[in-house]
1. Tally time: how many residues in the stretch 45-57 are assigned to a loop (DSSP other than H, G, I, E, B) and modelled with pLDDT under 90?
2. Would you check which residues across the stretch 36-53 are free of Cβ contacts under 8 Å to residues at least 24 places away in the same chain and over 10 Å from the mean Cα position of the chain (by Cα) and list them?
3. Could you list, in sequence order, all residues of the stretch 31-44 that are within 15 Å of residue 13 (Cβ to Cβ) and in a helix (DSSP H, G or I)?
4. Scan the stretch 38-63 residue by residue and report those that are within 16 Å of residue 7 (Cβ to Cβ) and out of contact with any helix residue (DSSP H, G or I) (no Cβ under 6 Å at 6 or more places or on another chain).
């Protein structure tokens, strides 16, 4: 199963920034993210994201 950037953004809506990669992974685990989605979050290059735009840019390179 592949996960689109749109699906990730919808799933991660409502996060408070800045957010760490670890917080994103925890958020996903607590909210029933698929294995594919969790793998995408774990593969993110940055340790912290200061804005939704920054997270979107990182995710777009993974989808």
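1. Within the stretch 45-57, the subset assigned to a loop (DSSP other than H, G, I, E, B) is 45-47, 50-51.
Going one step further and asking which of them are modelled with pLDDT under 90, we end up with 45-47, 51.
Looking only at that region, the number is 4.
2. If the condition is that a residue be free of Cβ contacts under 8 Å to residues at least 24 places away in the same chain and over 10 Å from the mean Cα position of the chain (by Cα), then 45, 53 are the ones that fit.
3. Answer for the stretch 31-44, where residues must be within 15 Å of residue 13 (Cβ to Cβ) and in a helix (DSSP H, G or I): 37, 41.
4. Of the residues in the stretch 38-63, the ones within 16 Å of residue 7 (Cβ to Cβ) are 38-41, 43-44, 52, 55-56, 58-63.
Answer for the stretch 38-63, where residues must be within 16 Å of residue 7 (Cβ to Cβ) and out of contact with any helix residue (DSSP H, G or I) (no Cβ under 6 Å at 6 or more places or on another chain): 39, 40, 43, 52, 55, 56, 58, 61.
The values are calculated or read from the model by the stated rules, or taken from the named source; none is laboratory data. Bear in mind the structure is a predicted one, so any value in this text is a computation, not a measurement. For neighbour counting, all protein chains shown are included, and Cβ atoms are generated from backbone atoms with ideal geometry for every residue, glycine included.
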